[in-house]
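Enquirer: Here it is: the structure, laid out below.
The values are calculated or read from the model by the stated rules, or taken from the named source; none is laboratory data. All of these numbers come straight from a predicted model, not from anything done at the bench. Note: ideal-geometry Cβ built from the backbone for every residue, glycine included; neighbour counts use all protein chains shown. Just the protein is used for accessible areas: all its heavy atoms, side chains included, with ligands, DNA and RNA removed. Shrake-Rupley method; radii C 1.70, N 1.55, O 1.52, S 1.80 Å.
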Amino acid sequence: MGNPALDAAFEGGAAFVPYLAAGDPDFDSSVEYVEALERGGADVIELGLPFSEPIAEGPTIQNAVVRSLEGGMTPDRFFEFVEALDVDVPLVCMTYYNLIYRYGAEEGPRPFVEKAAEVGLSGFVVPDLPAEEADPLREACDEFGLDLVFIVAPTTTGDRLDRIMDRVSGYVYVQARLGVTGAQDDVSGQTASSLDRLSEYDVPKAVGFGIKTGDHAERIVAGGADGIIVGSALVDIVAEGHENGDDVGAVASRLEEKARELKQGAERGFAQRAPEAERT
Amino acid sequence: MSETTFDGKFGDYGGQYVPEALMPAIEELNDAYQRYVLENEDGFMDEFRRRLRDFGGRPTPTQHAERLSERYGCEVYLKREDLLHGGAHKLNNALGQVLLAKYMGKERIVAETGAGQHGTATAMAAAHLDMPCEVYMGERDINRQRPNVFRMRLNGSEVNPVTVGRGTLKEAISETMRDWATNVENTHYVIGSVVGPHPFPAMVRDFQSVISEEARAQMREKTDGLPDAVLACAGGGSNTMGAFAEFVDDEGVGLYAVEAGGSSLDVDEEAGVAPNSASLSTGSEGVLHGARTKLLQDGDGQIMESHSVSSGLDYAGVGPELAHLVDEGRVTAVNVDDDAALTAFHRLSQLEGVIPALETAHAFAYLEEHADELGETVLVNVSGRGDKDLESVIEETSKRDIDIAPDMDAFAGGF
């Protein structure tokens, strides 16, 4: 179970995993924005395939979804988008289950996963698919060698944690706080206890929800995370550039710069952990 | 009870498709549903029944509709849920869930509403049981249903406008789920219909099944038998499942779920718009708002904007149990268009002195068109009263040529 590309991306212990909605605000600009993230130091990129009812997202990503859908994004366009990208890091598709379930002539998730494998995606994050309903997608991922990332929330404990960890591969997405996606001004105090609960499980732990600055990234990785996931703080840059009518190259530069800040923060955090790692 | 599920599945439908942060709350709710609702722990159901009677005004009557019977040449009976406190069947579920939230030790209620009837019922139940309550409502629906917005506020609830998308029920449900995901530790989400993740579809059906439990006994008393057909309008499907639940095992009773055919059954895939809300009649299988069910969606699986003259039916999905019963052939899914529903609204008002909710009017429109196929005795669930819809009715009637309607110019220009 699993995909070697994602395993490799987390080997350094300070992986930077940015998110952008594919096609936000349009196909061509979005290709440039995603490529800028790799230049800035992304180790894995989560690409959002927009769904019309994104119930786990806050306003920033909801608005990105609307822009992308209005720009004509569909599952087939999304696969073209992935093929159009010139990046070497693994790509993970983040979307809602209905789009996966409905794709292709055959009922169920298999056609979507087969196509995802064909265009070179490495895995999936599906926010509205809990472990209880995930077996059909897990089986298809196993068949085509893709990872299935699950989210662990601050409320997830006990049997649920075991159930998720039985099915997860690639990395586990540690939700830093309750609520929906969105950049925050400080690091959630819930992160440390979430990482503690997960310490016995042998899978990379990437923390997301609310991370905005290099300083946040540093503190979270220093606190034991193997990676950080950042969405809204990057989508904000795309949104602002779009609203101001900025040049695509200028927006891409700002994304690259922000990515570098976050990646360097994660590396600083990991350096603080190194002596501890040497002792053990 | 028509079917009690413990895994949350009705055939292929149902399940639990929600963000992980909500799953522990859903497990906790499922546990509370098993103990309090199904096993009557701590006398929960006794208290629920008592409050339904004393606060809600149950039982509601089943009335013989003399003039409709004469018109259609069959015996028509009306289950008068419009006489329940608040003016709609919604109180059965809202009271049940707010009481359950209290038993669970929750401190705060959130709810979504389309036409405002569920929001109103939840606000009333929350005031009655002393729970703080916030209601999410699409901005477009707020404009269509001002009396209900005012009623919610009078009962002390906050009404939060939802501006994303088209500003109707679908967006309000998504927004309420976001609130719940943020405040899940102390908050209960009172879902307004037999939709959402398990246990909501089964639990809401159980709270609403008091409708068919009473109607079944009342029909036996009045007619010495059971009706040949039961008609109920279907949006999400809570009054439908409530009216059908106790008749599901009575194979001689035909069950008709009447959907909103809107202005047309065709869809505009390009624009992502369905000019109807008939997900049982025209939808396809998919996953939305926590459950696998029948949905109005395009070929890619994006959810369509639905339409109905009645905001209470204006939803792109339907309860999973109802979808299952339709697939099984136990329930017949039918639909009528906006014009027929509006005409039926006026007809019932004039013939029986009952002003129905626009939702309910859909069931009467089907009766008008198909009375001769339904048998000798027909029971129609009057899911709610129409006071909330008067502004919409005046506006929509004046756009059409409805010969039995009063002169609408008189409403606009004084009498």
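Enquirer: Between Rg and the Kirkwood Rh of the protein assembly as shown, both from Cα atoms, what is the Rg to Rh ratio?
Expert: 1.01
Enquirer: Rounded, prolate or oblate: which one fits the range B:251-304, using the alpha carbon gyration tensor with axes a ≥ b ≥ c (rounded when a/c is under 1.5, else prolate when a/b beats b/c, else oblate)?
Expert: Working: a/c = 3.07, a/b = 1.44, b/c = 2.13.
The shape class here is oblate.
Enquirer: Let me confirm one metric for peptide A:127-135, namely the mean number of other chain beta-carbon atoms within 10 Å of its residues' beta-carbons.
Expert: 6
Enquirer: Which of the residues in the range A:85-117 lose at least 50 Å² of accessible area when you go from the chain alone to all protein chains together (probe 1.4 Å)?
Expert: Residues passing the criterion (a loss of at least 50 Å², heavy atoms only) are A:N98, A:Y101, A:R102.
Enquirer: Checking the cross-link filter: which lysines have an alpha carbon closer than 27 Å to that of A:K258, excluding same-chain neighbours under 8 positions apart?
Expert: Within reach: A:K205, A:K212.
Enquirer: Continuing with this model, one more query. What does the charge add up to near A:D88, with Lys and Arg as +1, Asp and Glu as -1, over the other residues with Cβ less than 14 Å from its Cβ?
Expert: Charge balance in the 14 Å sphere: -3.
Enquirer: Going by average Cβ neighbours within 10 Å, how do the peptides B:86-97, B:234-245, A:60-71 rank, with the highest at the top?
Expert: B:234-245, B:86-97, A:60-71
Enquirer: Would you list which lysines come within 23 Å of B:K399, measuring only between C-alpha atoms, while excluding same-chain residues fewer than 8 positions from it?
Expert: The reachable lysines, counting only those whose Cα sits under 23 Å from B:K399, are B:K388.
Enquirer: Tell me the mean residue ellipticity at 222 nm calculated for chain A from its helices only (DSSP H runs of n ≥ 4, each -39500 (n - 2.57), averaged over every residue, nearest 500).
Expert: Calculated mean residue ellipticity at 222 nm is -15500 deg cm²/dmol.
Enquirer: Can you tell which of B:H188, B:F200, B:G167 lies farthest toward the positive end of the dipole of the range B:133-226, using +1 and -1 charges on the Cβ of basic and acidic side chains (Lys, Arg; Asp, Glu)?
Expert: The Cα lying farthest towards the positive end belongs to B:G167.
Enquirer: Compute the relative contact order of chain B as a whole-number percentage, counting only Cα pairs closer than 8 Å that sit 6 or more residues apart in sequence. Each step should come with its number before you reach the end.
Expert: Values: 917 pairs, mean separation 78.7, N = 415.
The normalised contact order for chain B reaches 19 percent.
Enquirer: Rounded to whole Å, give me the distance from the Cα center of the range B:279-351 to that of the range B:18-45.
Expert: Between the Cα centre of the range B:279-351 and that of the range B:18-45, the gap is 28 Å.
Enquirer: On to the next question. Taking 0.36 nm per residue of sequence separation and subtracting the Cα-Cα distance, how much length would be gained by fully extending the chain between B:A271 and B:R400, in nm to one decimal? Spell out each step's value before the answer.
Expert: Working: separation 129, 0.36 × 129 = 46.44 nm, distance 2.55 nm.
Difference between extended and current length: 43.9 nm.
Enquirer: I've got another one for you. Leaving ligands and nucleic acids out of the surface, order B:K106, A:K115 by accessible area at 1.4 Å, largest first.
Expert: Descending accessible area places them as A:K115, B:K106.
Enquirer: How well do other chains shield peptide B:175-184, expressed as the mean number of their Cβ atoms within 10 Å of each residue Cβ?
Expert: Mean shielding count: 5.
Enquirer: Run the numbers on the range A:158-181: which residues show a drop of 30 Å² or more in accessible area, chain on its own versus all protein chains together, using a 1.4 Å probe over heavy atoms?
Expert: When all protein chains are present, A:R160, A:L178, A:G179, A:V180 each give up 30 Å² or more of accessible surface.
Enquirer: In addition: Which of rounded, prolate, oblate describes the range A:46-167, given a ≥ b ≥ c as roots of the alpha-carbon gyration tensor eigenvalues and a/c under 1.5 marking rounded, otherwise prolate only if a/b is larger than b/c?
Expert: Values: a/c = 1.66, a/b = 1.23, b/c = 1.35.
Note, shape of the range A:46-167 comes out oblate.
Enquirer: Okay, next question. Summing both sides, how much accessible area is buried between A and B? Use a 1.4 Å probe and give Å² to the nearest 100.
Expert: So the buried area, both faces added, is about 2900 Å².
Enquirer: Per residue, how much accessible area does chain B show when a 1.4 Å probe rolls over the protein heavy atoms, in square angstrom?
Expert: 33 Å²
Enquirer: Name the residue from B:M304, B:H370, B:M408 whose Cα lies farthest towards the positive end of the charge dipole of chain B, charges +1 on Cβ of Lys and Arg and -1 on Cβ of Asp and Glu.
Expert: It is B:M408, whose Cα lies furthest towards the positive end.
Enquirer: A further question follows. Roll a 1.4 Å probe over the protein chains and send me the accessible area per residue for the range A:169-216 in Å².
Expert: 36 Å²
Enquirer: Continuing with this model, one more query. If amide hydrogens are placed 1.01 Å from N in the peptide plane, which non-local residues have theirs closer than 5 Å to the one on A:C93?
Expert: Excluding prolines and chain starts, which carry no amide H, the hits are A:L47, A:S122, A:G123, A:F124, A:V125.
Enquirer: Separate question: Where does each of A:243-250, B:263-270, B:363-370, B:180-187 land if you order them by average Cβ count within 10 Å, highest first?
Expert: Descending mean neighbour count gives B:363-370, B:180-187, B:263-270, A:243-250.
Enquirer: Charges on Cβ only, +1 for Lys and Arg, -1 for Asp and Glu, centred on the Cα centroid of the range A:4-89; of A:L6, A:I61, A:A36, which one is farthest towards the dipole's positive end?
Expert: A:I61
Enquirer: Separate question: I need the per residue convex hull volume for the range B:182-324, using only the alpha carbons, in cubic angstrom as a whole number.
Expert: Working: hull volume 18.3 nm³, N = 143.
Enclosed volume per residue, from the Cα hull, is 128 Å³.
Enquirer: Are there any residues in the range A:45-83 with a reduction of at least 40 Å² in accessible surface when going from the isolated chain to the assembly of protein chains? Probe 1.4 Å, please list them by number.
Expert: A:E53, A:I55, A:Q62
Enquirer: First compute the accessible area of the protein assembly as shown with a 1.4 Å probe, then give the percent of it belonging to carbon and sulfur atoms.
Expert: Numbers: 10420 of 24050 Å².
The nonpolar share, carbon plus sulfur, comes to 43 percent.
Enquirer: Averaging sequence separations of C-alpha pairs under 8 Å and six or more residues apart, then dividing by the length of chain A, give the relative contact order as a whole percent.
Expert: Worked out over chain A, it gives 24 percent.
Enquirer: Which value, in debye to the nearest 20, describes the size of the charge dipole of the protein assembly as shown about its Cα centre when Lys and Arg Cβ atoms bear +1, Asp and Glu Cβ atoms bear -1, and nothing else is charged?
Expert: Details: 57 positive and 123 negative charges, 462 e Å.
Approximately 2220 debye in magnitude.
Enquirer: I would also like to ask the following. If a/c stays under 1.5 just call it rounded; otherwise compare a/b with b/c (prolate if a/b is bigger, oblate if not). Do that for the range B:274-415, with a ≥ b ≥ c from the square roots of the Cα gyration tensor eigenvalues.
Expert: oblate
Enquirer: With an 8 Å Cα cut-off and a minimum separation of 6 or more residues, compute the relative contact order for the range B:15-94 in percent.
Expert: 19 percent
Enquirer: What average count of beta carbons from other chains do you get within 10 Å of the Cβ of residues in B:19-30?
Expert: Working: counts 12, 17, 14, 7, 9, 7, 1, 2, 5, 1, 0, 0.
Across B:19-30, the average partner-chain Cβ count within 10 Å equals 6.
Enquirer: Sorted by average packing, counted as other Cβ atoms within 10 angstrom per residue and highest first, what order do A:161-168, A:45-52, B:401-408 take?
Expert: For the peptides A:161-168, A:45-52, B:401-408, the packing ranking is A:45-52, A:161-168, B:401-408.
Enquirer: Here is a follow-up. When ligands, DNA and RNA are left out and all protein chains stay put, how many square angstrom of accessible area per residue does the range A:19-101 have with a 1.4 Å probe?
Expert: That works out to 28 Å² for each residue.
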